[in-house]
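Inspection log for the structure reproduced underneath, given as structure tokens.
Bear in mind that the values in this text are calculations on the coordinates, not laboratory data. Keep in mind it's a predicted model, so treat the numbers as computed, not measured. Every residue, glycine as well, gets a Cβ built from its backbone with ideal geometry; the counts of neighbours run over all protein chains shown.
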Amino acid sequence: MNEEDFDKVIDRFLPYRESREKGAEYRKTYGDVFDRRTLLAFYKLLKRSIEYVEFPISTGKEAIVFRARGKHDELLAVKVYLISRSNYKGLSRFIDGDDRFEHVHKTRDNIVFIWARKEYRNLKTYHANNVRVPEPVDMWKNIVVMQYIGDEEKPAPLMKDVMESLKRDFVFELIEEMKNMLRAGLVHGDLSEYNILVYEGKPWIIDVAQAVPKSHYLAPELLARDIKNIIKIGDKLGANLSKKELMKELEVI
Ligand SMILES: Nc1ncnc2c1ncn2[C@@H]1O[C@H](COP(=O)(O)OP(=O)(O)OP(=O)(O)O)[C@@H](O)[C@H]1O
Ligand SMILES: [Mg+2]
């Protein structure tokens, strides 16, 4: 990417394009986080599905999520996996043994791209099977573009931040989602109130990169953990779920 292309990419990051001064600040802030490859990936997506990037809504250890606008002015969530923070060993566990990626050549260098692709594919599968997940829109390299959950004012809150406002029945809604996820053939593996958004009274499941097929060697362990978490959530919401009943309901025994 030449200097001019680089400028084109950062020009589409708002609100930084508003002032020259902020443009410089942008370079400093985002230049540290975004490497050349990520900016190149953005360059591609800015031609395809993203019109401009508004602001970050979450900065995590491994990924930054931005609010953005699509080509029709619609809100988008853009999840950028940080190439520099990718943990080869940690991610490999969830990729090895997954038939869908059997023939993909995995290296330290490209693992984060496989990870983003995995999240996109998992979102597609869940979405096609009526799991309430953000609809996947596009992806390239380490960037996943998806439906934004929330309104013009603010993103939907995480379940953990609105626990007090939830009724007991909410856990049954979650069980429905879990059923659909299993029908889709994928165990989420990181289901908790940190990866569930609450929007218009309904649970929205996010952060699905680690989800594995039911046949995967980690699936039993991950499923057991998800079930434990749902029971814990049930406890907090005043629904005492029996593990056995729940497993029956999920058709796993
Ligand atoms: N589609 C979305 N719409 C609105 N907000 C979102 C969306 N996706 C993610 N977010 C926000 O971004 C935060 C981080 O997203 P997510 O849980 O997918 O990534 P993460 O936990 O940082 O990723 P990692 O797996 O690298 O730890 C969420 O807690 C949520 O607040
Ligand atoms: Mg998360």
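With all pairs of separate Cα atoms included, region 156-253 yields a Kirkwood hydrodynamic radius of 13.5 Å.
Quick check on region 66-132: take the gyration tensor over C-alpha atoms, sort the square-rooted eigenvalues as a ≥ b ≥ c, and tell me if it's rounded (a/c under 1.5), prolate or oblate. It is oblate, given that a/c is not under 1.5 and a/b is not larger than b/c. When Val104, Val133 are arranged by Cβ crowding within 10 Å, least crowded first, meaning fewest neighbours, the order is Val104, Val133. Among Ser215, Ser165, Ser49, the residue with the largest mean-square fluctuation in a Gaussian network model of the chain, with springs joining Cα atoms closer than 10 Å, is Ser165. Comparing Val33, Val78, Val65 in a Gaussian network model of the chain where C-alpha atoms under 10 Å apart are linked, the largest mean-square fluctuation is found at Val33.
Roughly how tilted is helix 20-33, in degrees to the nearest 10 and between 0 and 90, from the longest Cα axis of the chain? Compared with the principal axis, the helix lies near 50 degrees.
Only helices enter this figure: runs of n ≥ 4 DSSP H residues, each worth -39500 (n - 2.57), summed and divided by the residues of the chain, yield -12500 deg cm²/dmol at 222 nm to the nearest 500. Taking only the C-alpha atoms of the chain, Rg followed by Dmax gives 19.2, 61 Å. Shape call for region 38-172 from the C-alpha gyration tensor, a ≥ b ≥ c root eigenvalues: rounded (a/c under 1.5), prolate (a/b greater than b/c) or oblate? Since a/c reaches 1.5 but b/c is at least a/b, the shape of region 38-172 is classed as oblate. In region 103-194, the ratio of gyration radius to Kirkwood radius, Rg to Rh, stands at 1.02 when only Cα atoms are counted. Full extension of the chain segment joining Glu245 with Lys61 gains 62.6 nm, where the gain is 0.36 nm per residue of separation less the Cα-Cα distance. Longer than 18 Å from Cα to Cα, which of Lys79/Lys106; Lys8/Lys154; Lys118/Lys214; Lys118/Lys248; Lys179/Lys214 are they? Say none if no pair is. Beyond 18 Å: Lys79/Lys106; Lys8/Lys154; Lys118/Lys248. The GluC sites (Glu not before Pro) of region 100-168 that meet both conditions, a loop assignment by DSSP and at most 16 other Cβ atoms within 10 Å of the site Cβ, are Glu102, Glu152, Glu153.
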